[in-house]
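The values are calculated or read from the model by the stated rules, or taken from the named source; none is laboratory data. Predicted model only: the values in this text are computed from it and were never measured. When we count neighbours, we look across all protein chains shown, and the Cβ atoms used for this are built from the backbone with ideal geometry, even at glycine.
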2 protein chains.
Amino acid sequence: MTIKDIAKLAGVSVATVSRVINDDAGVAEKLRNRVLQVIKETNYIPNTVGRNLRKSKSDMILVMLPTLSNPFYAKILKGIEKRASEHDYGILVSVTHHESRIEKKYLKMLQMKQADGVISLFSTLIAEELNDLAGKYPIVQCCEYTEGAHLPYVMIDNKKAAYEATKYFISSGHKRIGMISGSFYESSERAREQGYKEALMDSGLPFDEGYIFKSNYKPESAMEMCRKLLDMPEPPTAVLTVSDTLAIGAIKYLKSVGVEVGKDMDVIGFDNASITRVYDPTISTVSQPRYDLGTVSVDLVIEKINNLSTVNKGIILPHELILRESTRGEA
Amino acid sequence: MTIKDIAKLAGVSVATVSRVINDDAGVAEKLRNRVLQVIKETNYIPNTVGRNLRKSKSDMILVMLPTLSNPFYAKILKGIEKRASEHDYGILVSVTHHESRIEKKYLKMLQMKQADGVISLFSTLIAEELNDLAGKYPIVQCCEYTEGAHLPYVMIDNKKAAYEATKYFISSGHKRIGMISGSFYESSERAREQGYKEALMDSGLPFDEGYIFKSNYKPESAMEMCRKLLDMPEPPTAVLTVSDTLAIGAIKYLKSVGVEVGKDMDVIGFDNASITRVYDPTISTVSQPRYDLGTVSVDLVIEKINNLSTVNKGIILPHELILRESTRGEA
DNA sequence: TGAATCTGTGAAATCGATTACAAATGTAAA
DNA sequence: TTTACATTTGTAATCGATTTCACAGATTCA
């Protein structure tokens, strides 16, 4: 069933059918109704591929996730979908597994006009590659930012968030604070390490690089790093981790060696994963406004779709430090 | 940069360029090289939309997930991607949020030839709708099966898995066993409830519908259900849950009222989520062969893509009961 | 009434590829 | 040197839509 068939059945030209489909003004009421009638009877749906080819547009936004194992992205996606559908855009999801080869493959969809824009939750590309692409296509970054890339982005102030978390540790009496970071999500990890560092220094506490351990994002790895922290000559009494999964690993280890979390040792994670509310102890964490991160990303990418040369906005959304059992509270 | 430009630059016809691109035999070595040279110099990539329109094929498989909040699907997707790329198929992911309106929207991609086949991790459609679609397009189900639908599927034997878990409880001395199920994933939930029931009956223990509680999949809801179980006149001494998240909720509640899990009360979950290895206590669970579920799904859908009228295979993969601290062990 | 303007419609070009078919060339056999 | 046949190549149709442009008929204005 193609537009030709409809035209034939309705006794009009394909142009008229197309006009009816696209709500073009200037089709006589009588003909319009006849066509609509035929469309209804035949359950005709215009072919997307044909349309996209002709229009060089797909009304689709591609969302690029680094992984599917992190439920963190679920709510962001909901925000994205909501706002996108308000603007009559559809969503497709692709998963890069942190591989630039895969990321590049999906980005070709832009060139092919299979997607009008991209929301990237994490990019493996270098700034130069991103800048090249962003000059030609609408790409925005969400949650992570690539240093030196000039694209719109939306995220929280990671440095400030880590600063506040660290300050909180300090205000409740901690003098030695460790950090479990990573080396996957460059931009946020660096910013959080920086916030941690500045909080220590602003409080007149010594900053020692050796108190930062890099893990992969597996809890087992955090357990290992936590062991190393405890094995130091002067072990810390509090640990900031760049993700809740890492916080869980750290806590797991601490419990296994009889250290009471929230008393002997405090832990703060990142992202407010749902498990933080049910782990034992419940876990203090920095919450990101996930839904809003999603909706704002869409606003940004649509702005770029409509006019590629608009200035690249960088938007910072507010975070929140949520305190639970894994921190002891003010001293 | 289109095929026409390449043809012009190489001084040949578009047909020849197309032949070179598609590795057709019967292009003289000299011309072929000339064309390849131009293609390399210009970084030309054939336009997917044009090609898809002409070929009525996309070499894409659509993976439909019910949600992004369950990391369970991550490894399945990896299996899917691996096997698909071996067969030169690409993958697109869509998220239905358990809404049939959204699911139907994405299924239109089949009609539009934007995807050659679908792997559905969970369908909200009724058997009749699925049968209609499956008559026209390659659709396979993975992990969940819709009763009455005649499509290929791959999953574990959910009934048997629950049967074995329940039998394990019984063999370690439990006489009253509760279950926390749900009402989202009809087919697996029903099968697991049935397995639970049969295990009780085969062991001469009374089966009481009242020992099965339906939760949504939030841990908080499992806490509530667990409270109800404990409040029963004759509370169970073991609980089987249809997901690890629910197991966590149950355990959380048990700990909060001072019941020692793995001693006073045993718990088994489903899916072997990574958190089960780090929760306190670690959680016994039924593991599904996620990677293989993915690869086999692809095999099935490609078989259907190549020949829609092949018989609909149903494939059962082996599961495994993994015992950890949340179960006390043999009596 | 005739010219000017508006409306509504359809024919045909177009998007970027593939492919059926025809035509041109080359090669081998008679 | 033909003829027959295989090998290469190109022309044009095609996939399913949108859109430009021309034209016919209706309407307005002088």
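Below are the figures for this structure:
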{"item": "Answer from B:D292, B:D299, B:D280, B:D271 - the residue that is within 21 Å of the chain's Cα centre (by Cα) and within 14 Å of chain A (Cβ to nearest Cβ)", "result": "B:D271"}
{"item": "Only one of B:D231, B:D244, B:D264 that is in contact (Cβ under 8 Å) with a residue 24 or more places away in the chain, more than 30 Å from B:P138 (Cβ to Cβ) and surrounded by fewer than 17 Cβ atoms within 10 Å (Cβ to Cβ)", "result": "B:D264"}
{"item": "Condition met for B:H97 (more than 11 Å from chain A (Cβ to nearest Cβ) and surrounded by fewer than 21 Cβ atoms within 10 Å (Cβ to Cβ))", "result": "no"}
{"item": "First in region B:9-27 and within 14 Å of chain A (Cβ to nearest Cβ), second anywhere and near DNA strand D (Cβ under 7 Å from one of its atoms) and part of a loop (DSSP other than H, G, I, E, B), Cβ under 7 Å, 6 or more apart", "result": "none"}
{"item": "Within region B:1-12, tally of residues that are surrounded by fewer than 13 Cβ atoms within 10 Å (Cβ to Cβ) and either closer than 17 Å to B:R54 by Cα or within 11 Å of DNA strand C (Cβ to nearest atom) (or both)", "result": "1"}
{"item": "Number of the condition not met by A:P46 [criteria: (1) more than 14 Å from chain B (Cβ to nearest Cβ); (2) within 16 Å of DNA strand C (Cβ to nearest atom); (3) modelled with pLDDT of 95 or more]", "result": "(1)"}
{"item": "Filter result for B:V38 (more than 14 Å from every other protein chain (Cβ to nearest Cβ), modelled with pLDDT of 95 or more and within 9 Å of DNA strand C (Cβ to nearest atom))", "result": "no"}
{"item": "B:D24, sole failed condition from (1) more than 16 Å from DNA strand C (Cβ to nearest atom); (2) out of contact with any strand residue (DSSP E or B) (no Cβ under 6 Å at 6 or more places or on another chain)", "result": "(1)"}
{"item": "Conditions (1) within 19 Å of B:M64 (Cβ to Cβ); (2) touching a Pro at 6+ places or on another chain (Cβ under 8 Å); (3) not polar (S, T, N, Q): number failed by A:D116", "result": "(1)"}
{"item": "A:S85 vs. criteria surrounded by 19 or more Cβ atoms within 10 Å (Cβ to Cβ) and either within 15 Å of DNA strand C (Cβ to nearest atom) or assigned to a helix (DSSP H, G or I) (or both)", "result": "no"}
{"item": "Test: residue in region B:135-142 that is away from chain A (no Cβ under 14 Å) and closer than 14 Å to B:L92 by Cα", "result": "no"}
{"item": "Single match in A:G26, A:G79 (criterion: at pLDDT below 95 and not assigned by TED's automatic domain parsing to the domain that holds A:P219)", "result": "A:G26"}
{"item": "Residue list for region B:8-67, filter: within 12 Å of DNA strand D (Cβ to nearest atom), of a type in the set (D, E, K, R) and in a helix (DSSP H, G or I)", "result": "B:K8, B:R19, B:E29, B:K30, B:R32, B:R34, B:R51, B:R54, B:K55"}
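Yes or no, residue by residue, for (1) basic (K, R); (2) more than 39 Å from the chain's Cα centre (by Cα):
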{"position": "B:K4", "(1), (2)": "yes, yes"}
{"position": "B:S13", "(1), (2)": "no, yes"}
{"position": "B:D23", "(1), (2)": "no, no"}
{"position": "B:V27", "(1), (2)": "no, yes"}
{"position": "B:R34", "(1), (2)": "yes, yes"}
{"position": "B:T48", "(1), (2)": "no, no"}
{"position": "B:K55", "(1), (2)": "yes, no"}
{"position": "B:I61", "(1), (2)": "no, no"}
